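Undergrad: Below you will find the structure I want to go over with you.
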Amino acid sequence: MSLHHHHGLFFAALAIFTISVQAISTQSFSIPSISHMHKHKQWETFHNFTSCRLGQTQKGLSTVKNYLHRFGYIPHAPPTNFSDVFDETLVFAIRSYQKNYHLNITGKLDDNTVKHMMQPRCGVPDIIHTEKKDTTTGKQIRSHFHMGSYYAFFDGNLRWPAGTKQLTYSFLPQNNVNNDYKRAFARAFSRWAPWMPFSFKEITSNETADIKIGFYKGDHGDGFPFDGPYNVLAHARPPIDGSFHLDAEEYWVASGDVTKSPVSRAIDLESVAVHEIGHLLGLDHSNDKKSVMWPVLQTRTRRVNLGYDDIKGIKVLYAIK
Ligand code: ZN
């Protein structure tokens, strides 16, 4: 399947989905222009801030804050925009990011840190902040930090109910995913299956399936818009939501050897699916680089075998001996 055919397929599908869900009847979709795509790749300018220090102001620095906010390293966004000041909030956020990814903790946007931020990754934040009502003090923010730990669960240890015998999954009909794609997802589910108290089965009905898989472009109505090619690849929700979304603008490779792909931005579909299924089952991001729940996946790379940490985590969550 050529790249253009591949995109056309998903654009057509997306238009239908957006119209039906968001009731935008006049919006039309087209292949994004270079400038539009550029807008979504602001993190490519992060290299400009390498020499920026505490107290300095540099135009565009707010994009770094937006990035760190998106993945949970800055809990609160200001009512308007982030400022372009290299302030203490930013230093703290960079330090937390560096700690989480085992980078040198410098509090600066050094080359290694910027390179790391530019890698393809999962869209689920690394630090999840949830508001909890507290009867005495009012609202409290509870932050789910993973630093120093390995496997992690979502707040409340969300999991599929005890006694579940089978989880069904289906594909968004408008995507018309081909058999290569379906086989890649089936292989990804089969990586988890031996460790689960239930089985997985593909069904055609998107309404009744426990897990709903769909490829979407940009803003697709769930508050977590995709960013076009590169960076965020996919996101999925913890149990028992079942939403599993992939960025339609990535160059997905569903079969063959991704490491030999002539396309430098090729992403292995099965590897991303294994990671997102981990979220769908209740695992959050892991700090273990060998884990499939590590949030970053390089281009032209396969990572499909569950790590010791993933297996340990899923066994604890589902109380499997
Ligand atoms: Zn993830």
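Undergrad: For P197, state whether it is part of a loop (DSSP other than H, G, I, E, B) and closer than 21 Å to L68 by Cβ. Quick ask: steps written out before the conclusion?
TA: Details: part of a loop (DSSP other than H, G, I, E, B): yes; closer than 21 Å to L68 by Cβ: no.
So P197 does not fit the description; no.
Undergrad: Taking G107, is it of a type in the set (G, A, S) and closer than 21 Å to Q298 by Cα?
TA: Details: of a type in the set (G, A, S): yes; closer than 21 Å to Q298 by Cα: no.
When the stated conditions are applied, G107 does not pass them.
Undergrad: Going residue by residue through region 265-278, is there one that turns out to be more than 20 Å from D247 (Cα to Cα) and of a type in the set (S, T, N, Q)? Quick ask: steps written out before the conclusion?
TA: Taking region 265-278 first, the residues more than 20 Å from D247 (Cα to Cα) are none.
The answer is no; no qualifying residue exists.
Undergrad: When I213 is evaluated against the numbered criteria (1) more than 19 Å from R159 (Cα to Cα); (2) buried (at least 20 other Cβ atoms within 10 Å of the Cβ); (3) away from the ligand (no atom under 14 Å from the Cβ), which criterion, by number, is the only one it fails?
TA: Only one criterion is unmet by I213, namely (1).
Undergrad: Take region 305-321 and flag every residue that is in a loop (DSSP other than H, G, I, E, B) and of a type in the set (D, E, K, R).
TA: Narrowing region 305-321 to residues in a loop (DSSP other than H, G, I, E, B): 305-307, 318-321.
Within region 305-321, K321 is the sole residue that qualifies.
Undergrad: For region 108-128, name all the residues that are surrounded by fewer than 19 Cβ atoms within 10 Å (Cβ to Cβ) and more than 16 Å from the ligand (Cβ to nearest atom).
TA: Across region 108-128, the qualifying residues are D110, D111, N112, K115, M118.
Undergrad: Next question, about the same structure. Would you tally the residues in region 230-242 being away from the ligand (no atom under 15 Å from the Cβ) and more than 16 Å from V296 (Cβ to Cβ)? Even if it seems obvious, please write down each step before you answer.
TA: Narrowing region 230-242 to residues away from the ligand (no atom under 15 Å from the Cβ): 230, 240, 242.
From what is left, the residues that are more than 16 Å from V296 (Cβ to Cβ) are 240, 242.
Summing the residues that are away from the ligand (no atom under 15 Å from the Cβ) and more than 16 Å from V296 (Cβ to Cβ) in region 230-242 gives 2.
Undergrad: Got at least one residue in region 247-258 being assigned by TED's automatic domain parsing to the domain that holds G214, in a helix (DSSP H, G or I) and either surrounded by fewer than 24 Cβ atoms within 10 Å (Cβ to Cβ) or more than 13 Å from the ligand (Cβ to nearest atom) (or both)? Outline the logic, then answer.
TA: Step one: filter region 247-258 for residues assigned by TED's automatic domain parsing to the domain that holds G214, giving 247-258.
Going one step further and asking which of them are in a helix (DSSP H, G or I), we end up with 258.
Pick out the ones that are also either surrounded by fewer than 24 Cβ atoms within 10 Å (Cβ to Cβ) or more than 13 Å from the ligand (Cβ to nearest atom) (or both) and you get 258.
Checked region 247-258: at least one residue is assigned by TED's automatic domain parsing to the domain that holds G214, in a helix (DSSP H, G or I) and either surrounded by fewer than 24 Cβ atoms within 10 Å (Cβ to Cβ) or more than 13 Å from the ligand (Cβ to nearest atom) (or both).
Undergrad: May I ask you to list pairs of residues, at least six apart or on different chains, whose Cβ atoms are under 9 Å apart, with the first in region 280-304 being outside any loop (DSSP other than H, G, I, E, B) and the second being near the ligand (Cβ under 9 Å from one of its atoms)?
TA: Matching pairs, first to second residue: L280/A236; L283/M293; D284/V124; D284/D126; D284/G278; D284/M293; V296/R121; V296/C122.
Undergrad: Inspect all residues belonging to region 81-88 and state whether any of them is free of Cβ contacts under 8 Å to residues at least 60 places away in the same chain and closer than 25 Å to D284 by Cβ. Please lay out each step first, then the result.
TA: First, the residues of region 81-88 that are free of Cβ contacts under 8 Å to residues at least 60 places away in the same chain: 81-88.
After this cut, where a residue has to be closer than 25 Å to D284 by Cβ as well, the list is none.
No, the conditions are met nowhere in region 81-88.
Undergrad: Just need a number here: residues in region 269-288 that are more than 12 Å from the ligand (Cβ to nearest atom), modelled with pLDDT under 95 and in contact with a strand residue (DSSP E or B) (Cβ under 9 Å, 6 or more places away or on another chain).
TA: Residues in region 269-288 being more than 12 Å from the ligand (Cβ to nearest atom), modelled with pLDDT under 95 and in contact with a strand residue (DSSP E or B) (Cβ under 9 Å, 6 or more places away or on another chain): 1 in total.
Undergrad: Ok, one more. Considering only region 259-268, I want to know if a residue exists there that is in a loop (DSSP other than H, G, I, E, B) and within 11 Å of the ligand (Cβ to nearest atom). Explain how you work it out, then say what you get.
TA: First pass over region 259-268, keeping only residues in a loop (DSSP other than H, G, I, E, B): 261-265.
With within 11 Å of the ligand (Cβ to nearest atom) added as a condition, the list becomes none.
No: zero hits.
The values are calculated or read from the model by the stated rules, or taken from the named source; none is laboratory data. All values derive from a computational prediction rather than experimental measurement. Cβ: placed from backbone, ideal geometry, glycine included. Neighbour counts: every protein chain shown.
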